[in-house]
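Notes follow once the structure below has been shown.
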Amino acid sequence: MAPKKKAKKKVKAPARKKASARAPSGKQQLIDTFSRESAKTLQLLRALPSGQSEMRPHERSKSARELAWTFVIEQSLLTRALKEEPMFTGGGPPSAPADFESIVRQFERDNTSVEQLIRSISDAKLSTTLKFPTGPGQMGDWTKTAFAWFIISDQIHHRGQFSVYLRMAGGKVPAIYGPSADEPWR
C-alpha cells in the first residue's frame, strides 16, 4: 500500500505594500540627478593628487586641469541656456585657469547656482527650445530639459575620462556607480 500523501499547505504571498508616495516629477528627477551626478564629479575632482593637474595620458589629450575646466564650461552653457542668454559669443570658451583648485571651487560654486536655477524655472520654461549644435556645422532645436539632460550625460562621459586620468596620476578612484579597485564593496 502506498503511503498517504500529505496535503500541501497553500503558502500565501505577502501582501504588497501600497506606494506611499508618487514618483517624482520629471523636473524633480532632473534636479535629483543633476545634484547626485555633480556630487560624484566633485568627489572625483577632489581625488586628484596634488601636483598632477598637468598630467595628460597622451600628447594630444587635454591636461587634467583642462579636462576639469570642461565641467565648468558645461555648467556655464546650461546656465546661459536656462537664462536664455547667448551661449556662443565667438572666440571659443575661456581658457582654463592655471590653478586646479580654483577650477574645483568654481565647479562647486557654479553647481549650487545651476541647481537653484533649475529649481526656480517653471515647467513651461523648461519646455521651450534653444539652438545648440547637433553635428558638425549644424544647429538643432533642444528643449531646455533635453539640453540639461545632455549636459548631465556629457558630464558623466568626461567624468569617465577623468577617472582614467586619476588612476594614471596615482590617485584613488572612488566608487561611482559600483565598486572600484580603491573603494571595493566588500
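The numbers here are math on the coordinates, done by the rules we state, and not lab data. What you see is a predicted model, and the numbers here were worked out from it, not measured in a lab. Positions of Cβ are generated from backbone atoms using ideal geometry, with glycine treated the same way; all protein chains shown enter the neighbour counts.
Residues that are under 17 Å from L42 (Cβ atoms), surrounded by fewer than 16 Cβ atoms within 10 Å (Cβ to Cβ) and small (G, A, S) within the stretch 164-179 comprise just one, A175.
Do you know which residues across the stretch 46-73 are out of contact with any Gly (no Cβ under 8 Å at 6 or more places or on another chain), in a loop (DSSP other than H, G, I, E, B) and surrounded by 14 or more Cβ atoms within 10 Å (Cβ to Cβ)? Lay out the reasoning, then the answer.
Filtering the stretch 46-73 down to residues out of contact with any Gly (no Cβ under 8 Å at 6 or more places or on another chain) leaves 46, 50-51, 53-73.
In the following step, the residues that additionally are in a loop (DSSP other than H, G, I, E, B) were identified as 50-51, 53-63.
Once the filter is applied, which keeps residues that are out of contact with any Gly (no Cβ under 8 Å at 6 or more places or on another chain), in a loop (DSSP other than H, G, I, E, B) and surrounded by 14 or more Cβ atoms within 10 Å (Cβ to Cβ), the stretch 46-73 yields S53, M55, R56, P57, S61, K62, S63.
Quick check on G26: is it at positive phi and either surrounded by 12 or more Cβ atoms within 10 Å (Cβ to Cβ) or not acidic (D, E) (or both)? The answer is no for G26. Residue count for the stretch 118-146 satisfying the condition of being exposed (fewer than 12 other Cβ atoms within 10 Å of the Cβ), under 18 Å from F88 (Cβ atoms) and out of contact with any strand residue (DSSP E or B) (no Cβ under 6 Å at 6 or more places or on another chain): 4. Within the stretch 74-109, restricting attention to residues that are aliphatic (A, V, I, L, M) and under 15 Å from P133 (Cβ atoms), which residue is surrounded by the fewest Cβ atoms within 10 Å (Cβ to Cβ)? Across the stretch 74-109, the extreme among qualifying residues is M87.
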